[in-house]
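First comes the structure, then the notes that go with it.
Every read-out reported here was derived from the displayed coordinates using simple, explicitly stated rules and does not represent laboratory data. Every value quoted in this text rests on a predicted model; they were computed, and no experiment measured them. Backbone-built Cβ (ideal geometry, glycine too); neighbour counts: all protein chains shown.
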Amino acid sequence: MTLPMALASFWLLTMLGLGLLRIWRGPSVADRMLAAQLFGTTGVALLLILAQSQAQSALRDVALALSLLSVLATVAFLTRVAGNPPGSTDD
């Protein structure tokens with residue numbers, strides 16, 4: 001692994017740690033969901049760096065699947081929030 005890839009990996013892992021802190025502390029559900037979206041995006045980037053450094057194309061496929069799952073999680077969250085605005089009650 002080259003130095004730029006190692007530095008990029010370290011930076012991305014640092015961002016994952018900060019995202020984990022945001023998920024843990026909140027303050028709102030939307031902040032937690034955005035941090036979870038950060039996990040998906042950063043995970044894809046880390047998988048692509050790993051695929052390039054190890055020359056394994058299968059990791060690119062895993063990154064593609066993770067990106068699709070990340071988008072679906074965001075759509076599910078937005079559907080839930082849009083269907084249930086703050087202050088409304090579920091019957």
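For the criterion of being touching a residue at least 40 places away in the same chain (Cβ under 8 Å) and on the phi < 0 side of the Ramachandran plot, S67 fails.
Of the residues making up region 41-64, those that are under 21 Å from L13 (Cβ atoms) and small (G, A, S) are G43, A45, A51, S53, A63.
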